[in-house]
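S.K.: Structure in structure tokens, see below.
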Amino acid sequence: MAAINDINLPSLPKIASGKVRHLYGLPDPNALLFVASDRLSAFDVVMASGIPDKGAVLTLLSAHWFRVLSERIPDLRTHFLSLAVPANVTPAEASVLRNRSMQVRKLDVIKIEAIVRGYITGSAWNEYRAKGTVHGLSMPAGMKLGEKFPKPIYTPSTKAEAGAHDENIHPDDAWKEIGDRETADKVEKLALQIYTTAAEYAEERGIILADTKFEFAKDGEGNIYLVDEVLTPDSSRFWLRSSYEVGKEQDSFDKQYVRNWLIQEGLKGKEGVILPDDVVKATAAKYKDAFRRLTGDTFEVAATMGSV
């Protein structure tokens, strides 16, 4: 199946487009439609090649996590409403939307990338080697690549406008991005709680959740909701527990595979990169393997059922 990189839905008003997702209006003024394309972004650059079925994997896996987290954190609020395809689209549009769209609550997004890290890797490892810190936080001496932190740490970044890059910030400065300290404190506490809950769930299924990124929003009464995609191979680092070994790069079920290929080929941050077929196929397989291990179903079965 070919990747669906461009999505056109004349029946619905488009509100916004991101690197991977489109946001559309719905007849219900309190709801929106999130639509995930098969585009892949690495180092804040969208690849010219898409990954077939990636948008559906992200959508169905997010729906699964919203259900699991709501069961395990009873007071958690999420923006997720339904995987149902809107009734006011054409049959051709419906075929595109099936499994890659979700209806969500319309909320005010909190302007912060809420990143939680359980293990030292990626940009955190680079900063630690240079300064002994992670997002400005002092870390224990002598840590090794891939080592587990004594406890999960909250390491937020700015939420950049389209075309700009997110910037890592000290947790104590998050309130400056958000606008008030109370909301910033609630976001930090909630992000750490969700990470811990998700990490325990993943561990039960042989997966280490090394780190992840959450996004949050508020309603008119100030209640905070978990929004956007959640705990997918796009927003998280998933490692295979059985092969985990401190001091080396880990077997990964996320787009780190593509990042590594880009670095190896000298293409990090380059525009218009066309991924080789073998990289596309391997990436698609990794995403679907993560889906199977985390949900207990193959992606094909979940897609046929239309839900998880």
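The values are calculated or read from the model by the stated rules, or taken from the named source; none is laboratory data. Being a predicted model, the structure only gives us computed values, none of them experimental. Positions of Cβ are backbone-derived with ideal geometry, glycine not excepted, and every protein chain shown enters the neighbour counts. The area values use the complete protein model at the heavy-atom level, side chains included, leaving out ligands, DNA and RNA. Shrake-Rupley method; radii C 1.70, N 1.55, O 1.52, S 1.80 Å.
Residue-by-condition table, conditions (1) touching a Phe, Trp or Tyr at 6+ places or on another chain (Cβ under 9 Å); (2) assigned to a strand (DSSP E or B); (3) among the aliphatic types (A, V, I, L, M); (4) not assigned by the TED database to the domain that holds Ser235:
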| position | (1), (2), (3), (4) |
| --- | --- |
| Met1 | no, no, yes, yes |
| Pro10 | no, no, no, yes |
| His22 | yes, yes, no, yes |
| Pro29 | no, no, no, yes |
| Arg39 | no, no, no, yes |
| Pro52 | no, no, no, yes |
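S.K.: In addition: Would you mention how many residues in the range 285-308 are among the hydrophobic types (A, V, I, L, M, F, W, C) and open to solvent by less than 20 Å² (accessible area, probe 1.4 Å)?
M.R.: 5
S.K.: Restricted to the range 7-52, and to residues that are among the acidic types (Asp, Glu) and at pLDDT 90 or above, which residue is farthest from Val230 (Cα to Cα)?
M.R.: Asp28
S.K.: Then there's this: Scan (1) free of Cβ contacts under 8 Å to residues at least 12 places away in the same chain; (2) open to solvent by 20 Å² or more (accessible area, probe 1.4 Å) for the single condition Glu147 breaks and write down its number.
M.R.: (1)
S.K.: Sticking with this one: I need the full set of residues from the range 98-143 which are under 18 Å from Asp28 (Cα atoms) and surrounded by fewer than 22 Cβ atoms within 10 Å (Cβ to Cβ), in order please.
M.R.: Scanning the range 98-143 gives Gln103, Arg105, Lys106, Leu107, Asp108.
S.K.: Same structure again: So Val89 fits all but one of (1) surrounded by 14 or more Cβ atoms within 10 Å (Cβ to Cβ); (2) under 24 Å from the mean Cα position of the chain (by Cα); (3) on the phi < 0 side of the Ramachandran plot; what number is the exception?
M.R.: Against the list (1) surrounded by 14 or more Cβ atoms within 10 Å (Cβ to Cβ); (2) under 24 Å from the mean Cα position of the chain (by Cα); (3) on the phi < 0 side of the Ramachandran plot, Val89 comes up short only on (2).
S.K.: Anything in the range 164-181 that is open to solvent by less than 50 Å² (accessible area, probe 1.4 Å) and assigned to a helix (DSSP H, G or I)? List them, or say none. Talk me through it step by step, then tell me what you get.
M.R.: Taking the range 164-181 as the starting set, the residues that turn out to be open to solvent by less than 50 Å² (accessible area, probe 1.4 Å) are 164, 169, 171, 174, 178.
Once the filter is applied, which keeps residues that are open to solvent by less than 50 Å² (accessible area, probe 1.4 Å) and assigned to a helix (DSSP H, G or I), the range 164-181 yields Pro171, Ala174, Ile178.
S.K.: Moving on. Which residues, counting only those in the range 257-283, are under 14 Å from Asp234 (Cα atoms) and surrounded by 21 or more Cβ atoms within 10 Å (Cβ to Cβ)?
M.R.: Val258, Thr283 - these are the residues of the range 257-283 that are under 14 Å from Asp234 (Cα atoms) and surrounded by 21 or more Cβ atoms within 10 Å (Cβ to Cβ).
S.K.: Let me ask something else. When you scan the range 182-247 for strands (runs of 3 or more DSSP E) that lie fully inside it, which ones turn up with 2 or more residues that are open to solvent by 10 Å² or more (accessible area, probe 1.4 Å) and under 24 Å from Phe43 (Cβ atoms)? If you could, list the steps in order and put the result at the bottom.
M.R.: Working: elements: 207-218, 224-227, 236-240.
Once the strands (runs of 3 or more DSSP E) in the range 182-247 are filtered for at least 2 residues that are open to solvent by 10 Å² or more (accessible area, probe 1.4 Å) and under 24 Å from Phe43 (Cβ atoms), what remains is 207-218, 236-240.
S.K.: Looking at the range 66-85, is at least one residue assigned to a loop (DSSP other than H, G, I, E, B), among the β-branched types (Val, Ile, Thr), at pLDDT 95 or above and open to solvent by 10 Å² or more (accessible area, probe 1.4 Å)?
M.R.: yes
S.K.: From the residues in the range 74-126 that are among the small types (Gly, Ala, Ser) and touching a residue at least 24 places away in the same chain (Cβ under 8 Å), which one is nearest to Ala198 (Cα to Cα)?
M.R.: Gly118
S.K.: Restricting to the range 240-260, count the residues that are aliphatic (A, V, I, L, M) and over 13 Å from Ala285 (Cβ atoms).
M.R.: 2
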